[in-house]
Amino acid sequence: DHPYFKREGNDIHLELPLSVYEAMLGTQLRVPTLDGPETINIPPGVHSDTKIRIKGRGVHRAGATLNEQGDQFV
């Protein structure tokens, strides 16, 4: 178990709290990943159930190619 990452297969999920203003106006945020922080764009008008995918930032299996690596969903 991890305090904020949840694993589903090779994918990592992170719940990111936003203020009402960030959700309405959009913003750029740095989020933690398994490989270090990554900047993501939050589009204006985002809904609470929206998932933003960061390709290739999930679990890495030994000897895996980029196509076999999981993603991170925020």
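The values are calculated or read from the model by the stated rules, or taken from the named source; none is laboratory data. On a predicted model such as this, the values are computed, not experimentally measured, just so you know. With ideal geometry, Cβ positions are generated from the backbone for all residues, glycine too; neighbour counts draw on all protein chains shown. Ligands, DNA and RNA are excluded from the accessible area calculation, which covers all protein heavy atoms including side chains. Shrake-Rupley method; radii C 1.70, N 1.55, O 1.52, S 1.80 Å.
General observations
- Estimated FRET transfer efficiency (Arg30, Glu68; beta-carbon r; R0 30 Å; 0.05): 0.65
- With every protein chain in place, the chain: carbon and sulfur % of accessible area (1.4 Å): 51
- Extended-chain gain in nm, criterion 0.36 nm per residue less alpha-carbon gap, Asn10 and His60: 17.3 nm
- Residue-normalised accessible area of the chain, given per residue in Å² at a 1.4 Å probe: 71
- When the chymotrypsin sites (Phe, Trp or Tyr not before Pro) in the chain are filtered for DSSP coil states and for at most 15 other beta-carbon atoms within 10 Å of their beta-carbon, the remaining sites are Tyr4.
- Accessible area (Å², 1.4 Å probe, nearest 10) - His2: 80
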